[in-house]
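S.K.: A single structure is presented below for examination.
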Protein chains: 2
Amino acid sequence: MKLLSVSALLVATLVLPQITLGDDLIDYPDGYRLWAHVKSMTIHENHPLQNPFLGIHHVYANARALNGMKTGRFADGSMLVFDQLKSQSAEGASVEGDRVLIGVMVKDDQRFPKTNGWGYEAWKGDSRSERLVKDQGVSCHGCHTQRKSNDYVFSQWRD
Amino acid sequence: MKLLSVSALLVATLVLPQITLGDDLIDYPDGYRLWAHVKSMTIHENHPLQNPFLGIHHVYANARALNGMKTGRFADGSMLVFDQLKSQSAEGASVEGDRVLIGVMVKDDQRFPKTNGWGYEAWKGDSRSERLVKDQGVSCHGCHTQRKSNDYVFSQWRD
């Protein structure tokens, strides 16, 4: 089950930028690097989700999402970030390389009724404008549905 | 240079608990899991520092240390945590396992004059009482001396 948690925040679709949807666009998660670091995981080349999740990813939670992790219910305004970097291995160590993408999940029951209140977005590399989710998060949410019992969130807080 | 950063926070000495030194004991860094996550790295079995640093480690900084990373000078009260977990690989992914140890560096020019103002300590696994640094951090600092130009800190903030 733990290994499946990778399918995690995105079943993303690294294809075309989505059509501009006005108010439906999810904001870039400014300041997430100072949010709580929930957990990390590395996906290798022989993993079924290596495309697009190859590398190391860190999951960050804002204060509301952190509370949700303890209760299993995420209040509106909860945000999770999936921060994916290349993993560079040499001389017996693996270090972080360039950013591949960052993905977000944001909870807003009014805005995202089709996906059980969760909105999904991703940005390529360090870009704040090149968006990667093209289907309003429907495919992302399709995978997250298996975690319905935890309000559709894969990650769990560890001490 | 980047790969060397592992020698990082400890050249630790997983031998005997240190002698109780009264006021010189460094406090366990309560709440560090909510501090800023600076960076992560994985040490594999063929790395020269695999003993004791085998696994994945995350570096966390308190607010003062975070400021120090931007200026290259760390004010008294700066604390860094080196949080080392086992890395468990299966089915093409590496996930976090049990905690191996946590190490800290704390800056206090008055308390730690012999090591350029930095105190070093480590705790085994999830213990808050089983201390691992036996030489008042002298061996830790011996390695950190190569980073004198950055106030003896290996890690650098990445965006």
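S.K.: So how many residues does segment B:65-80 have that are surrounded by fewer than 20 Cβ atoms within 10 Å (Cβ to Cβ) and closer than 23 Å to residue A:159 by Cα?
M.R.: Number of matching residues: 1.
S.K.: Restricting to segment A:40-85, give me the number of residues that are under 13 Å from residue A:107 (Cβ atoms), part of a strand (DSSP E or B) and out of contact with any helix residue (DSSP H, G or I) (no Cβ under 8 Å at 6 or more places or on another chain).
M.R.: Residues flagged as under 13 Å from residue A:107 (Cβ atoms), part of a strand (DSSP E or B) and out of contact with any helix residue (DSSP H, G or I) (no Cβ under 8 Å at 6 or more places or on another chain) within segment A:40-85 amount to 0.
S.K.: Here is a further query. Have a look at B:83, B:98 and point out the one that is within 13 Å of chain A (Cβ to nearest Cβ), under 15 Å from residue A:159 (Cα atoms) and within 15 Å of the chain's Cα centre (by Cα).
M.R.: Just a single option satisfies the conditions, and that option is B:83.
S.K.: Would you confirm, using the coordinates I've provided, whether residue A:14 is of a type outside the set (Ser, Thr, Tyr), at pLDDT below 90 and out of contact with any helix residue (DSSP H, G or I) (no Cβ under 6 Å at 6 or more places or on another chain)?
M.R.: no
S.K.: I'd like the full set of residues that are surrounded by fewer than 17 Cβ atoms within 10 Å (Cβ to Cβ) and either under 17 Å from residue B:32 (Cα atoms) or in contact (Cβ under 8 Å) with a residue 12 or more places away in the chain (or both), limited to segment B:111-121.
M.R.: Scanning segment B:111-121 gives B:111, B:114, B:116.
S.K.: Further, regarding this structure: Restricting to segment A:43-80, count the residues that are within 8 Å of chain B (Cβ to nearest Cβ) and either of a type in the set (S, T, N, Q) or under 13 Å from the mean Cα position of the chain (by Cα) (or both).
M.R.: Number of matching residues: 5.
S.K.: To continue, here is another question. Cβ contacts < 6 Å: first residue farther than 17 Å from residue A:111 by Cα and in contact (Cβ under 8 Å) with a residue 60 or more places away in the chain, restricted to segment A:122-139; second residue hydrophobic (A, V, I, L, M, F, W, C) and surrounded by fewer than 16 Cβ atoms within 10 Å (Cβ to Cβ), any location; separation 6+ or different chain. Result?
M.R.: A:132/A:14
S.K.: Which of the residues that make up segment A:104-159 are hydroxyl-bearing (Ser, Thr, Tyr), more than 14 Å from chain B (Cβ to nearest Cβ) and part of a loop (DSSP other than H, G, I, E, B)?
M.R.: Correct list: A:129, A:152.
The values are calculated or read from the model by the stated rules, or taken from the named source; none is laboratory data. What you are looking at is a predicted structure, and each value in this text was computed from that prediction instead of being measured. All Cβ positions, glycine included, derive from the backbone under ideal geometry; neighbour counts span all protein chains shown.
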